[in-house]
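The values are calculated or read from the model by the stated rules, or taken from the named source; none is laboratory data. All of these numbers come straight from a predicted model, not from anything done at the bench. Cβ placement follows ideal geometry from the backbone for every residue including glycine, while neighbour counts extend to all protein chains displayed. Side chains included, ligands, DNA and RNA excluded: accessible areas come from the protein's heavy atoms. Shrake-Rupley method; radii C 1.70, N 1.55, O 1.52, S 1.80 Å.
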Protein chains: 2
Amino acid sequence: MIFRKRSLAVVLCLFPAPCLADEGMWLFTNPPTGVLQSKYQFDVTPQWLEHVQKSSVRFNSGGSGSFVSADGLVMTNHHVASDCLAKLSTQRDDLVTAGFAAKGRAGERQCVDLELNVLMSIEDVTARVGAAVRPGMDAAAAQKARRAVINTVEKESLDQTGLRSDVVTLYNGGQYHLYRYKKYTDVRLVFAPEKAAAFFGGDPDNFEYPRYDLDITFLRAWENGQPAKVQHFLKWSAAGAREGDLVFVSGHPGRTSRLETVRHMEFVRDRTNPTSLNLLRRQEVLLKTFGERSAENARRAEDDLFGVQNSRKARIGLMEGLQDPALFARKRAAESALRQAVLSNPEWKREYGDAWEQVSAAIATWDGIFLPHYLLERGWAFHTELFSIARDLVRLAAERPKPNAERLREYSEAGLESLQQELFSEAPIYEDLDTEKLTDSLGMLEEMLGADDGLVRQVLAGRSPLRRAQELIQGTQLKDVAVRKKLFEGGQAAIDATGDPMIQLARLLDPTARKLRATYDEKVDEPLKQAYGKISRARFAIHGTDVYPDATFTLRLAFGVVKGYRENGRTVPWATEIGGAFARASDHGYRDPFNLPQSWLDRRSRLEAQTPLNFVSTADIIGGNSGSPVVNRAGELVGIIFDGNLQSLIFDYEYSEEQARAVAVHSAGILEALRKIYDATPVVRELTGARQ
Amino acid sequence: MIFRKRSLAVVLCLFPAPCLADEGMWLFTNPPTGVLQSKYQFDVTPQWLEHVQKSSVRFNSGGSGSFVSADGLVMTNHHVASDCLAKLSTQRDDLVTAGFAAKGRAGERQCVDLELNVLMSIEDVTARVGAAVRPGMDAAAAQKARRAVINTVEKESLDQTGLRSDVVTLYNGGQYHLYRYKKYTDVRLVFAPEKAAAFFGGDPDNFEYPRYDLDITFLRAWENGQPAKVQHFLKWSAAGAREGDLVFVSGHPGRTSRLETVRHMEFVRDRTNPTSLNLLRRQEVLLKTFGERSAENARRAEDDLFGVQNSRKARIGLMEGLQDPALFARKRAAESALRQAVLSNPEWKREYGDAWEQVSAAIATWDGIFLPHYLLERGWAFHTELFSIARDLVRLAAERPKPNAERLREYSEAGLESLQQELFSEAPIYEDLDTEKLTDSLGMLEEMLGADDGLVRQVLAGRSPLRRAQELIQGTQLKDVAVRKKLFEGGQAAIDATGDPMIQLARLLDPTARKLRATYDEKVDEPLKQAYGKISRARFAIHGTDVYPDATFTLRLAFGVVKGYRENGRTVPWATEIGGAFARASDHGYRDPFNLPQSWLDRRSRLEAQTPLNFVSTADIIGGNSGSPVVNRAGELVGIIFDGNLQSLIFDYEYSEEQARAVAVHSAGILEALRKIYDATPVVRELTGARQ
């Protein structure tokens, strides 16, 4: 599942030829008009763009969606909404497994701590941000100055418009855009199928194709206690995508790294990715074994487990790509060509020539703090939501009294409301599961930094990881939202006064964690930003500005053609049919995860077996695009992205249209299932515009 | 499950007090007569010892068992026999899942490549081995001389007696004993219950107690086409163990490390154990995901998966113990006391004083070669049976022409017959599974040694790990036993001539792997042997010789009392009852792995619910003891060991009788199930001595 939770950014179109490929995650302010015109004879108009943009929805939990009715109905993937489903579930009433259908609008259930964003306007603030960083500033000063101006721009915009205002770094600092979002924080659950239908085939079929998943959920944005009235929403195409169609994907790809230098890619291949994979496998084994102990345990671990398995499979696919010498050969050749071009022009050489060495130097510094930075600052060593809460409270107490411009990025005024929604969430925390997670991660801390490390000893306080985790989880009162609110409101004095062991742990760590953060921000992140800014500008200089930036979990437009591919000598079809789901279930003896839900088995005879269920296209997508609408030339919804195939997992580094495909649920298959399996008449009427 | 596959060795009884504990894995030549007499008023006689010794059986696959009839009937654990069950299974006929009951003796099915050993005699050859190592020899020469004399002793004994002859290193070289085994290579499957009964509760209940497992399988040793006639076998006790009984465990504990220095333990805690655990988690995720794809995949991966999960759970338990500062505090105090005692006597100081520094120096060397040694010499990077076969063939061609005394230990004449049985095994090899295993381990090799390492590049030959694994597995002809035989018989010329890619890979690696082996043998293993030999002798000098050596996968006698314990304020009972299995299954909604087999559900009403099913005792056991008979004062079989509880997982380093327990199946529960669930009348008659 191409789902992910945040990140960073840069360019593309290395050679003229691939630029005629269906490549790119384009800015709505800089769409690929040329290739759309020349290759597909499609004129993309401002009206078309505005309509698609304002119909698109971003999930703050990571993922995409779209408005599909004037009454704020939103469609996304089941696996994007599963966080909401899990948080509304209890041992007796498991919405993830059983699905949900609201009885009327009054029966729609409010999601805990979910926020939706709709991009309303884009403003280029590159000049203002650039002006703040004066020549001759060192990295720390440059970073501080940039952070200050960004915080100020965001705060001003928030005050003026009331809209969520984010300054987005594009082209690695080649451009800065101010994105203003309309924010919906009252989001309610309307309809979800059973997980067995949404995630049919489970982990074995994840990132694979052919596929047979009804990976959808409908939510509704509410405003002032009423369903939100929205001007822009996508009209439903009952016929849906057909083979050979030009289609567009409007969504929020999380992160790509297509401009990364070879040295940087090596670091990912040799260090960050293997370390992350070991961590993921560790968590997977923990969550699986926890879940096997009882059905209720399995339910508690399910959402975490899906995320971990999904990342593990994606990263293994990425690793297979990175360990292919052919990819590195292409990247080396491209890097060498670009560097040669830079060296051939004295001005370019002076401006951009040291960028590659600058990346390598930053990577060397990163390498030196890699483990402690991840463990202590990013919190890998403290794998419980309760620690994240404690850290936020400790840092908020220190940051809030500071001027907005000087705060750590995540505590700036503009983001505070969203942060509070997370911090005061009533989402359940399971002490048994969290104790196991914390035990394991504390053990990992000791393994990785050493039992004799001074800070490790202080963290463990003379106990084994198990005893220490029990002490912390049992002892902390942060499980109670009222206690969190009190500590938040009490500020530094309340933090200083509390004996809560989790708060004390966060305080103990904070000086070291902040030091690592500062080193990372100033000596790694900032030089990388500067170096990739140079490389981006070198590419602008050499190839022009008609390129797209790396993904940044902001709205992008991708395009492609609906078509199958060849694999192992066989033709893989452009679409699967709803009848194929039954065939696959039967081939596997209806064994989990190939057990279709009872609702499907009961209604089988009613279904039109040939209805398309899933389909593929050449659109350029990545994690974060989950739930993105697939639209046709007319701006109608013909499907919803939910995955990329295995061959697309290297898209992080390189696009290809030979075998790599984006996988979507077909709009016709969705209607067929809603009508004939789920009797979801109100939703169908709302989608198709039939009278209510 | 306390099951393991081989290993090394040293002492105990650190303080006078614990020596009255039920501690120790005693040699049959040096039993704990004193404590048995003083604490339990039990006189252990030579006749009793001989009878129990010759009734005990060692499994070359790792595990223990015992003769339970005059006709060579052997009882062991289902999980010890599962290797045989898996190798006899096919997609259509899955003996692991379905169980097996032979129809008459002619219907008993021969296990593939299984060898049983019965210890017939023990001879102390310490003086002869010691004489070969002359003072002033350097480590390499000492090691070579010792290996030569050991090979010679074994070869002479084999020639003289025809018995398998192994020189066993005890007390870390404090003593060398020649063990002669009667060997059975025709072993047949008689009866096995379903895995759901044998391993009820699966991984969640593994190493836990209370427990409800019928973890037994009956095999039969055959000789000359007839059931073997054996003089010694254990009489079945129908009443079985009772609370408070003194009981004995006769089996083959694989490895303990109770004499390890603190520095050595730190190395295990910080390096070897975390690395092994990462490897195990990696394999677990791979095998689980492979198995989830289809029922047949699950069957193919099942035996590997059990082994991996079992090791993972054991090592996590061990890690929890090692990360407890209290254990290290006790070990530090004991080490300090011993070193003080050594320093207090000038002769001891001269003889033994440098042992601890010698361990630390060897560990430092080990640390330096740790990863390449494991990856390249121990084969972690080539995770397929086909590579092990290739390596054996390549090395046999080089080693066999050498004089026996100069060969690598595993290719000496005495072990050649057993080795050939493994090498020419018709056990199935699954190309799909092996390709995934090899892909993953080649990827790990690249991660761990680096993509730019010269040998790594040669191994991968310009391909990605996936492509290279496919090429190797598809290309090798070693899947065909006839090809293996031909290469074995053809010797070096055949090896030189073959184009088989797996053989060529093994040849490519051999120079580097042998160099690592030599460094490990000469600079790590040998100095450790010498140092621990000194520590052992220091302990003999200070505390006398009335101590037991660390476990070495050779026959040992443990003893203890049948009794429960206190945990979290509750009393955990000494035994569980057969009715409890049904209650536990019902509590879990009969959800896998708590799904009792249909045979149990069908026969529930016939069963005497109060019959003891599993029970615990304070006996000192460890991995390798799986399948060990539990015998009473009269030498009758009252149960069979199959596990230790979580609290016993630290037994590798330290015995304790507060909560740690050995877990066994009760002889009464076995009879009840055989009679009333399985209608296994012939087996019951054979066990109880009733007329056939």
Point to revise | Stretch gain in nm, segment residue B:688-residue B:296, where the contour uses 0.36 nm per residue and the Cα spacing is subtracted | key: 137.2 nm
Exercise for review: Report the calculated FRET efficiency for residue B:583 and residue A:424 (r = Cβ-Cβ distance, R0 = 35 Å), to the nearest 0.05.
Suggested key: 0.25
Check your understanding: Computed over the Cα atoms, what is the radius of gyration of the stretch B:506-625 divided by 2.2 N^0.38 Å, N being its residue count?
Key -> 1.82
Point to revise | Per-residue SASA entry for residue B:348, accessible area with 1.4 Å probe, Å² rounded to 10 | key: 60
Point to revise | Neighbour net charge for residue A:185 - beta-carbon separation under 9 angstrom, K R +1, D E -1 | key: -3
Review point. How far is the Cα center of the stretch A:42-115 from the Cα center of the stretch A:188-211, in Å?
Key: 15
Exercise for review: Give me the Debye-computed log₁₀ of I(q)/I(0) at q = 0.15, 0.18 Å⁻¹ for the stretch B:144-192, equal point scatterers on Cα only, no solvent, two decimals.
Suggested key: -0.51, -0.64
Point to revise | Stokes-Einstein translational diffusion, the stretch B:631-692 - Kirkwood Rh over all Cα pairs, 1.306 mPa s, 10 °C, in µm²/s | key: 115
Practice item. Could you run the Debye sum over the Cα atoms of the stretch B:188-287, one equal point scatterer each and no solvent, and tell me log10 of I(q)/I(0) at q = 0.15, 0.19 Å⁻¹, two decimals? Key: -1.12, -1.22
Check your understanding: Any number yet on Rg/Rh for the stretch A:560-692, C-alpha, Kirkwood?
Key -> 1.00
Point to revise | Inter-copy label distances at residue B:420 (7 Å, Cα→Cβ; nm, one decimal) | key: 8.2
Point to revise | Angstrom value of the Kirkwood radius, inverse mean 1/r, which spans all Cα pairs in the protein assembly as shown | key: 34.4
Revision key, fill the gap. For residue B:639, the residues 5 or more places away or on another chain with a placed amide H closer than 5 Å to its own amide H are B:630, B:667
Review point. Along the three principal axes, how long is the stretch A:135-251 when you take its alpha carbons, biggest first, rounded to the nearest angstrom?
Key: 57, 39, 30
Practice item. Sketch the reach of a paramagnetic label on residue A:92 as a point 7 Å from Cα along Cα-to-Cβ, and name the residues of the stretch A:281-302 whose backbone nitrogen lies under 17 Å away. Key: A:296
Exercise for review: Please give the total accessible area that chains A and B bury against each other, computed with a 1.4 Å probe and expressed in Å² to the nearest 100.
Suggested key: 3200
**Study point:** Charge sum, other residues only, whose C-beta stays under 10 Å from residue B:423's C-beta, Lys/Arg counted +1 and Asp/Glu -1
**Key:** -1
Check your understanding: Carbon-plus-sulfur fraction of the accessible area of the protein assembly as shown, 1.4 Å probe, in percent?
Key -> 49
Point to revise | Residues with amide H under 5 Å from that of residue B:178, placed H, sequence gap 5 or more | key: B:123, B:124, B:125, B:168
Check your understanding: On full extension of the chain, what length is gained from residue B:371 through residue B:262, given 0.36 nm per residue of separation minus the C-alpha to C-alpha distance?
Key -> 37.1 nm
Review point. Cα centroids of the stretch A:410-458 and the stretch B:514-535: how far apart, whole angstrom?
Key: 43
Revision key, fill the gap. Quick tally, 1.4 Å probe accessible area for B:103, A:229, B:402, sorted with the most first, runs B:103, A:229, B:402
Study note, to complete from the structure: Amide H proximity to residue A:100 below 5 Å, modelled H, separation 5+ or other chain, gives A:192
Study note, to complete from the structure: Once all protein chains are kept in place, residue A:652 shows an accessible area at probe 1.4 Å, nearest 10 Å², of 20
Review point. Given q = 0.10, 0.14, 0.19, 0.20 Å⁻¹, what are the Debye log10 I(q)/I(0) values for the stretch A:215-370, with equal point scatterers placed on the Cα positions and solvent ignored?
Key: -0.72, -1.01, -1.18, -1.24
Review point. How much net charge surrounds residue A:657 when only other residues with a Cβ under 10 Å from its Cβ are counted (Lys, Arg +1; Asp, Glu -1)?
Key: -2
Point to revise | Expected-Rg normalisation [2.2 N^0.38 Å, Cα atoms] applied to the stretch A:346-397 | key: 1.83
Review point. Add -39500 (n - 2.57) for each DSSP H run of 4 or more in chain B, then divide by its residues: what number comes out at 222 nm, to the nearest 500 deg cm²/dmol?
Key: -14500 deg cm²/dmol
Practice item. Report the label-to-label distance for residue A:610 and residue B:161 in nanometres (one decimal), using points 7 Å from each Cα along the Cα→Cβ vector. Key: 8.0
Review point. In nm, what does the list of distances from residue B:540 to its counterparts in the other copies look like, shortest first, when each label sits 7 Å along Cα to Cβ?
Key: 8.1
Point to revise | For residue A:486, label point 7 Å along C-beta direction: distances to other copies, nm | key: 8.2
**Study point:** Per residue, the convex hull volume that the Cα atoms of chain A enclose (Å³)
**Key:** 156
**Study point:** Most to least accessible of A:486, A:523, B:183, B:331 (protein chains only, probe 1.4 Å)
**Key:** A:486, A:523, B:183, B:331
**Study point:** In order through the stretch A:227-242: 3J(HN,Hα) via Karplus (6.51 cos²θ - 1.76 cosθ + 1.60), integer Hz, x for Gly, Pro
**Key:** x, 5, 8, 10, 7, 10, 8, 8, 6, 7, 9, 5, 6, x, 5, 10
Point to revise | Listing of the stretch B:178-215 residues, each with accessible area lower by at least 50 Å² in the full protein assembly than in the chain alone (probe 1.4 Å) | key: B:204
Practice item. Output the direction-averaged projected area (hull surface divided by four) of the convex hull of the alpha-carbon atoms of the stretch A:260-323, in nm². Key: 4.3
Review point. Which ³J(HN,Hα) values in Hz, rounded to whole numbers, follow from the phi angles of the stretch A:178-184 under the Karplus curve 6.51 cos²θ - 1.76 cosθ + 1.60, where θ = phi - 60° and Gly and Pro get x?
Key: 8, 9, 10, 10, 7, 10, 10
Revision key, fill the gap. Quick calc, the stretch B:499-586, dipole around Cα centre from Cβ unit charges on Lys, Arg (+) and Asp, Glu (-), nearest 20 debye, gives 240
Study note, to complete from the structure: Residue-normalised value, i.e. accessible area per residue, for the stretch B:260-323 at 1.4 Å probe, in Å², stands at 26
Study note, to complete from the structure: The rounded separation in angstrom of the Cα centers of the stretch A:632-651 and the stretch B:265-311 is 35
Revision key, fill the gap. The equivalent-ellipsoid semi-axes of the stretch B:383-524, taken as the square roots of five times the Cα gyration tensor eigenvalues and listed largest first in whole Å, are 25, 20, 13
**Study point:** Threshold 30 Å², the stretch B:420-453 residues less accessible with all protein chains present than alone (1.4 Å probe)
**Key:** B:446, B:447, B:451
